[in-house]
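Inspection log for the structure reproduced underneath, given as structure tokens.
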Amino acid sequence: MILIDIIKYIILGIIQGFTEPIPVSSSGHLVIIKSLFNLDTLDLNFEILVNFGSLLAIVLFFRKDIINLIKDFFSYLKTKELKYYDNFKYCLLIVVGTIPAGILGLIFKDTIESVLSGVKVVGLALLITALFLFLIRNIKGNKKSNEITFKDALIVGLFQSIALFPGISRSGATLVGAMFLNFKRDVAFKFSFMLYIPISLATLFLGIPDIVSLDTNMIIYYIFGLIASFIVTYFSTKWFKDVVKNGKLIYFVGYCLIVGFLVLLFL
């Protein structure tokens with residue numbers, strides 16, 4: 001075990017953890033880091049595992065909401081009492097919102113990644129992200145969770161599928177979609193991350209064959225990256241919730257513009 005390698009994977013886990021919840025594209029940042037430092041060891045297995053770390057952190061962050069949704073979903077199926085209906089419907093909204101990215105991901109993900117895998121694409125995608133974040137920066141919205149329609153969920157799901165393109169932030173895309181549909185800021189934030197959970201679980205499931213064949217010599221390094229990703233994702237999500245609530249998305253507009261231009265000019 002080499003200390004410098006452990007530190008390297010911890011840093012990569014920190015980068016993943018910090019960028020996963022916020023609208024700057026975690027996968028895009030890993031592409032940039034890989035290009036900057038010629039990290040050939042940064043493979044798909046590592047990305048799957050650090051994403052798993054982020055998933056665990058987000059599930060922990062929303063644990064109370066998730067437990068209530070699951071309980072009320074089955075309670076409504078059993079009793080048909082109206083007090084459980086809103087959460088029952090919300091679960092169905094998550095399913096509907098997940099469908100577009102699920103279907104399009106299965107069909108086009110490999111093709112998109114093979115054709116649009118360059119670091120320049122990430123730079124351009126960051127500029128596009130900056131534009132859309134700028135457009136929604138002042139939207140407050142008034143639509144509550146129980147007012148979300150299945151059409152709304154499908155549209156936000158279509159926005160989520162845009163994140164199949166390298167460098168487009170998943171959280172950014174879903175947040176933009178929800179805000180355009182007049183969701184309240186906190187409602188948009190929560191729904192965005194509720195859609196992340198099933199998509200991330202599906203990604204993990206599809207990556208199991210690769211993880212099983214993982215080089216055992218790399219496991220300890222990847223575990224350090226996973227732990228770093230888990231810890232940093234949790235606190236990054238907490239911070240991002242306050243940013244959205246206070247309408248400070250302009251921070252990310254500036255960041256995406258600067259990084260996007262730097263990537264296009266120098267990488």
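Say the cut-off is 32 Å between C-alpha atoms; which of K80/K238; K64/K184; K80/K245 go over it?
Among K80/K238; K64/K184; K80/K245, the Cα-Cα distance tops 32 Å for K80/K238; K80/K245.
Tally Lys and Arg at +1 and Asp and Glu at -1 over the other residues with C-beta under 14 Å from the C-beta of W239: what net charge comes out? Here the charged neighbours net out to +2. Using only alpha-carbon positions in the range 92-242, the gyration tensor eigenvalues give semi-axes of 28, 18, 17 Å once each is multiplied by 5 and square-rooted (largest first).
FYI, it's all coordinate maths here, none of it is from the lab. Computed from a predicted structure; not experimentally measured. Glycine gets a Cβ as well: all are built from the backbone with ideal geometry, and neighbour counts include every protein chain shown.
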